[in-house]
1. Under the 0.36 nm per residue contour assumption, what length would be gained going from the current alpha-carbon distance of Ala2 and Gln33 to full extension?
2. From the gyration tensor of the Cα coordinates in region 34-91, what semi-axes in whole Å does the equivalent ellipsoid have, largest first, with each one equal to sqrt(5λ)?
3. Viscosity 1.567 mPa s, temperature 4 °C: Stokes-Einstein D of region 3-73 from its Kirkwood Cα radius, in µm² per second?
4. Which entries in the list Lys21/Lys97; Lys13/Lys59; Lys59/Lys97 go over 24 Å, if you measure between the two C-alpha atoms of each?
5. Mind checking the alpha-carbon convex hull of the chain and giving the volume per residue in Å³?
6. Relative to a virtual label point 7 Å from the Cα of Arg115 in the Cα→beta-carbon direction, which members of region 14-30 show backbone nitrogen distances below 12 Å?
Amino acid sequence: MAYLAAYDVHQAKVFGRCEPKTGIVPFMNLVTQIMSTEPYASARRVFWIVDNGSSHRGKKAIDRLTTAFPNAIMVHTPVHASRTNQIEIFFSIVQRKVVSPNDFTDLTQVRDRLRAFEDRYNATTQPFQWRFTTSDQNDLLARLDRHTPADRQEESSVAPAA
């Protein structure tokens, strides 16, 4: 069994489903589940931030998504950076709080526990309030640029004060 989920960052809402396996069809089932409901069905644009998993990798996946849902825009995270995708943070929580320890007697128990956690999560979570602005990022990058590699070497070789 595979648990697939998507996360609406504006509403802090998880949309999940259990499928017999992963793949293109299960992924598109998740997309259809979400994109056929409001506000996504009538939205001007819906961004799908995805990692480079085989069910949604490359131009074929982008074309498949936009053919089925013209208002959907697929954006891939950089390779090895899926941790920047907020659904991956949710999956990390699921791993720690739902499926560990693995003490299930059958897949129905797993599915039921996943769905119950998803319902509880959706009832209690709130959208993340970003405080780090583009201006903050530009300031940080400018400060980093002011330090040369020699400055960094000098700073790292200074012994801490006791």
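1. Difference between extended and current length: 9.6 nm.
2. 21, 15, 8
3. 104 µm²/s
4. Lys13/Lys59; Lys59/Lys97
5. Looking at the chain, the number lands at 202 Å³ per residue.
6. 16-19
None of the figures in this text is laboratory data; all of them are computed from the coordinates on show. Everything numeric here is computed off the predicted structure, so don't read it as measured data. Don't worry about glycine lacking a Cβ; one is built from the backbone with ideal geometry, like all the others, and counts go over all protein chains shown.
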